[in-house]
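Read the structure below first, then the notes.
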Amino acid sequence: MKYIVKNLPEYFKFQDKALNSPEEFWGDIASTFVWKKKWDNVLNADMVNADIKWFEGGQLNITENCIDRHLKDRGEETAIIFEPNSPTEKAQHISYNQLSVEVNKIANVLRSQGIEKGDRICIYLPMIPELAYTMLACARIGAIHSVIFAGYSSTAIASRVNDAACKMVICADGSYRGTKEINLKSLVDKALENCPSVESVLVIKRTNGEVSMQSNRDFYLEELMQETQTICKPAVMDAEDPLFILYTSGSTGTPKGMVHTTGGYMVYTAHTFANVFQYKEKDIYWCTADIGWITGHSYILYGPLLNGATTIIYEGVPSYPDHNRFWEIVEKHKVNQFYTAPTAIRSLAKQDIKHVEKHDLSSLKVLGSVGEPINVEAWNWYYHHIGKERCPIVDTWWQTETGGILISPIPFTTPTKATFATFPLLGIQPVLMDDEGVEQEGNLTSGNLCIKKPWPGIARTVWNNHQRYKDTYFSAYPGYYFSGDAALRDPAGYYRITGRVDDVVIVSGHNLGTAPIENTINEQTIVAESAIVGYPHEVKGNALFGFITLKHEISSEEQENLKTAINEAIADQIGPIAKLSKIQFTVSLPKTRSGKIMRRILRKIAANELDNLGDTSTLLNPEAVQAIIDNRTD
Ligand code: WT7
């Protein structure tokens, strides 16, 4: 890999090259991969029209870069360590050779099921090796994977499957998560009642629980694999052919299917993985995210495998069977780079410190944080107790849309500072904008975080809706990518991400749009209107507060039942992660004169910042604010 930063002068030197000669910079990096045909142009981008292309004319298959090219020298090295939910089940070490066999066989199965290049396949699997195998098998034959986090409900599966018109669903019979066993196949069955595009379902056995199999539609993958060849010729893909779709919440409307393409995503995730984690041969790398999120796509699967790394897939949760599980796994597999989310750090920091102290964590070299702002207490705990003041913390800022990390310290190079994501990675030019679209110059300033130049990992479109892509990311500040986050720049030029500026709330690191939750609540016949806002929560970072008006009064007992019914409906239609932590029924919601709900004021009330409500006199119904405050129950 080229341009791996070793010290600050080198960082500035490489950054200069990346920003001033991006074609040469990214072309040099891309040359270290296997291409079937070299590109004609490194970059061809129009940020005003949201038309971005990297390595146009180039042809490749990403699985040859993730797998085949490692086989000659390191085929017997471990690609994936699978750590099962139960500590009594043996961990598996899957070599690059084994990975190759599994992926090729599954790819042949997909072809024999009639899957062709460009077809969409929905993958709904727990964190088991087959999740990695099936994603790579799709990529092998040029099918576009759309992974849906296995905590999502049937309704969420159906809407995503229909949006992309998936031809196939790959799922497991069930999943283990801590003490829970979940029947995933039955959720898929329910979803597929409304998914006409799906022709077949491949089922992977994990729990061996009871499932119903529809004849001619449902097949056990294991059985189909028995007869297949172990070699599958990789499809030749254009650099800009889609590799996958991954859905993310927006502030309005349905989830957006972000489309990532092949060449640029490959180059960007591989390069950022190598720099941000300073991965060295034989290191053991562990990212605790779920592969169902972008963190898992880029930094459990593609980034590490592109570097020939050993990556851990952990099936379970941090608290099972005990709160020492993460540290036990670090000790057991001698983890060198550990990447997790602030919400996990906060919940583990609340436990007895003996859970940490009884384990040997001396293998650790780099600690990572991702998904939400990390507060100073959590940062300090992580630094002192887990890293023993030896390990730099890389606070990595990025998004589903960005494909890979954009702002992060480079370990052993960038001096870290609690709560700061510090400097942009190579080739990234962040700018802070005021509301009028004026770039804020110099340091010690703040604004809306935009990116000025294209980078290879950026999503290219929203599936089937390029206009929405353009409107969401390129219209607030024409010519710039707008992230939806605000940030500040300190006197040294370090960035600190201060949070979302739209109606997206990050709960336990999960990106939730408030509009779909409100729609679900409003479907209850007695509900007149609702407004959801986030408020600070000790462990989750943010939690959801629902302010709800009813069509008529009900008893307090009925109110309690309604709260339960609302949360059940949310869990059912969106997923348990979107449940409300607090609900307050109120006579009316504060509105502007044009009838828009003033969420800004509700946010303040939910956060208990009552002396800081701002001007409420221009509201249509200022009395609503006082009524809500007077009736607060907690
Ligand atoms: C949003 C993106 C990045 C992959 C996982 C989440 C927030 C992410 C940080 C960070 C502060 C962060 C932002 C961003 N976020 N990383 N290091 N510091 N905030 O991907 O679900 O697309 O969410 O997560 O608000 O916009 P996502």
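The values are calculated or read from the model by the stated rules, or taken from the named source; none is laboratory data. Just so we're clear, the structure is a prediction, and the values are computed from it rather than from any experiment. Cβ atoms come from the backbone with ideal geometry, glycine included; neighbour counts cover every protein chain shown.
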- [ ] Answer with yes or no whether Asp360 is farther than 23 Å from Thr272 by Cα and either within 13 Å of the ligand (Cβ to nearest atom) or part of a loop (DSSP other than H, G, I, E, B) (or both).
- [x] yes
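Regarding Glu181, is this residue charged (D, E, K, R), in a helix (DSSP H, G or I) and farther than 22 Å from Pro255 by Cβ? Let's see the steps before the verdict.
Details: charged (D, E, K, R): yes; in a helix (DSSP H, G or I): no; farther than 22 Å from Pro255 by Cβ: yes.
No, not satisfied.
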Task: Criterion violated by Pro576 - all others in (1) within 30 Å of Val188 (Cβ to Cβ); (2) surrounded by 16 or more Cβ atoms within 10 Å (Cβ to Cβ) satisfied - done: (2)
Open item on the list: I'm checking my understanding of the structure. Among residues of the range 223-254 that are surrounded by fewer than 13 Cβ atoms within 10 Å (Cβ to Cβ) and acidic (Asp, Glu), which one is nearest to the chain's Cα centre (by Cα)?
Closed with: Glu223
TODO: Test Gly509 against the stated conditions and say whether it is within 11 Å of the ligand (Cβ to nearest atom) and under 18 Å from the mean Cα position of the chain (by Cα).
DONE: yes
- [ ] Could you please find all residues in the range 255-274 being buried (at least 24 other Cβ atoms within 10 Å of the Cβ) and either away from the ligand (no atom under 16 Å from the Cβ) or farther than 20 Å from Gly142 by Cα (or both)?
- [x] Lys256, Thr261, Thr262, Gly263, Gly264, Met266, Val267, Ala270, His271, Thr272, Phe273
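I need a count of the residues in the range 198-252 that are closer than 30 Å to Arg599 by Cβ and assigned to a loop (DSSP other than H, G, I, E, B). Write out each step before concluding.
Looking only at the range 198-252, we keep the residues that are closer than 30 Å to Arg599 by Cβ, and these are 245-252.
Now narrow it down to the ones that are assigned to a loop (DSSP other than H, G, I, E, B): 249-252.
The total comes to 4.
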- [ ] May I ask you to say which residue of Asp471, Asp434, Asp490 is over 19 Å from the mean Cα position of the chain (by Cα), within 16 Å of the ligand (Cβ to nearest atom) and surrounded by fewer than 18 Cβ atoms within 10 Å (Cβ to Cβ)?
- [x] Asp490
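Residue by residue through the range 107-129, note down the ones that are assigned to a loop (DSSP other than H, G, I, E, B) and either surrounded by 24 or more Cβ atoms within 10 Å (Cβ to Cβ) or polar (S, T, N, Q) (or both). Spell out how you get there, then give the answer.
Within the range 107-129, the first condition is being assigned to a loop (DSSP other than H, G, I, E, B), and the residues that meet it are 113-119, 125-128.
Within the range 107-129, Gln113, Leu125, Pro126, Met127 meet the criteria.
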Task: Residue under evaluation Glu281, criteria (1) surrounded by fewer than 22 Cβ atoms within 10 Å (Cβ to Cβ); (2) free of Cβ contacts under 8 Å to residues at least 40 places away in the same chain; (3) over 20 Å from Ile94 (Cβ atoms), criterion not met - done: (3)
TODO: Answer yes or no: is there a residue in the range 347-359 that is aliphatic (A, V, I, L, M) and either touching a Ser or Thr at 6+ places or on another chain (Cβ under 9 Å) or in the same structural domain as Glu181 (by TED's automatic domain parsing) (or both).
DONE: yes
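So which residues in the range 441-455 are touching a Phe, Trp or Tyr at 6+ places or on another chain (Cβ under 8 Å) and closer than 14 Å to Leu19 by Cβ?
Kept after step one, since they are touching a Phe, Trp or Tyr at 6+ places or on another chain (Cβ under 8 Å), are these residues of the range 441-455: 448-452, 454-455.
Hits for the range 441-455 are Ile451, Lys452, Pro454, Trp455.
I need a count of the residues in the range 346-362 that are in contact (Cβ under 8 Å) with a residue 40 or more places away in the chain and buried (at least 16 other Cβ atoms within 10 Å of the Cβ). Explain how you work it out, then say what you get.
Let us first name the residues in the range 346-362 that are in contact (Cβ under 8 Å) with a residue 40 or more places away in the chain, namely 346-347, 350.
Next, from what is left, pick out any that are buried (at least 16 other Cβ atoms within 10 Å of the Cβ): 346-347.
Result for the range 346-362: 2.
Among the listed residues Ala150, Ala191, Ala132, Ala158, which satisfies the condition of being within 29 Å of Glu83 (Cα to Cα) and part of a helix (DSSP H, G or I)?
Details: Ala150 fails: part of a helix (DSSP H, G or I); Ala191 fails: within 29 Å of Glu83 (Cα to Cα); Ala158 fails: within 29 Å of Glu83 (Cα to Cα).
Being within 29 Å of Glu83 (Cα to Cα) and part of a helix (DSSP H, G or I) holds for just one of Ala150, Ala191, Ala132, Ala158, which is Ala132.
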TODO: Would you check if there is a residue in the range 608-631 being assigned by TED's automatic domain parsing to the domain that holds Val527, surrounded by 17 or more Cβ atoms within 10 Å (Cβ to Cβ) and under 29 Å from the mean Cα position of the chain (by Cα)?
DONE: no
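Do you know which residues across the range 281-330 are among the polar types (S, T, N, Q) and within 12 Å of the chain's Cα centre (by Cα)?
In the first step, residues of the range 281-330 are kept if they are among the polar types (S, T, N, Q); the result is 288, 295, 298, 307, 310-311, 319, 324.
Those that are among the polar types (S, T, N, Q) and within 12 Å of the chain's Cα centre (by Cα): Thr288, Thr295, Ser298.
Would you mind stating whether Thr498 is surrounded by fewer than 16 Cβ atoms within 10 Å (Cβ to Cβ) and part of a strand (DSSP E or B)? Walk me through how you get there before you give the answer.
On the way: surrounded by fewer than 16 Cβ atoms within 10 Å (Cβ to Cβ): yes; part of a strand (DSSP E or B): yes.
Considered against the rule, which asks whether it is surrounded by fewer than 16 Cβ atoms within 10 Å (Cβ to Cβ) and part of a strand (DSSP E or B), Thr498 comes out as yes.
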Open item on the list: I'd like to check something: does the range 367-383 contain any residue that is away from the ligand (no atom under 13 Å from the Cβ), assigned to a loop (DSSP other than H, G, I, E, B) and within 23 Å of Lys6 (Cα to Cα)?
Closed with: no
- [ ] Residues being closer than 10 Å to Val276 by Cβ, surrounded by fewer than 24 Cβ atoms within 10 Å (Cβ to Cβ) and either within 9 Å of the ligand (Cβ to nearest atom) or charged (D, E, K, R) (or both): count how many of those fall in the range 402-419.
- [x] 0
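Need at least 2 residues that are touching a strand residue (DSSP E or B) at 6+ places or on another chain (Cβ under 8 Å) and β-branched (Val, Ile, Thr) per element, so show me which strands (runs of 3 or more DSSP E) inside the range 396-492 make the cut, counting only ones lying wholly within it.
Details: elements: 430-433, 445-451, 481-489.
Qualifying strands (runs of 3 or more DSSP E): 445-451.
Does Gly114 satisfy the condition of being touching a Phe, Trp or Tyr at 6+ places or on another chain (Cβ under 6 Å) and either under 20 Å from Ala239 (Cβ atoms) or modelled with pLDDT of 95 or more (or both)?
Working: touching a Phe, Trp or Tyr at 6+ places or on another chain (Cβ under 6 Å): no; either under 20 Å from Ala239 (Cβ atoms) or modelled with pLDDT of 95 or more (or both): yes.
No.
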Open item on the list: Would you confirm whether or not the range 202-213 contains a residue that is under 23 Å from Glu102 (Cβ atoms), free of Cβ contacts under 8 Å to residues at least 12 places away in the same chain and touching a strand residue (DSSP E or B) at 6+ places or on another chain (Cβ under 8 Å)?
Closed with: yes
- [ ] Test each condition in (1) out of contact with any helix residue (DSSP H, G or I) (no Cβ under 7 Å at 6 or more places or on another chain); (2) within 22 Å of Met258 (Cβ to Cβ) for Ser408 and report the one that comes out false.
- [x] (1)
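Would you point out the residue of the range 338-357, among those that are within 16 Å of the ligand (Cβ to nearest atom) and of a type in the set (S, T, N, Q), that is modelled with the highest pLDDT?
Of the residues in the range 338-357, the ones within 16 Å of the ligand (Cβ to nearest atom) are 338-346.
When the remaining residues are screened for being of a type in the set (S, T, N, Q), the result is 340, 343.
Details: Thr340: 97, Thr343: 92.
Among them, the one singled out is Thr340.
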TODO: Please identify the pairs in which a residue from the range 240-265 that is under 11 Å from Trp463 (Cβ atoms) has its Cβ atom under 6 Å from the Cβ atom of a residue that is polar (S, T, N, Q), counting only partners at least 6 apart or on another chain.
DONE: Pro242/Thr261; Ile245/Ser146; Leu246/Thr400; Pro255/Ser249; Lys256/Thr248; Met258/Thr248; Met258/Thr400; Val259/Thr461
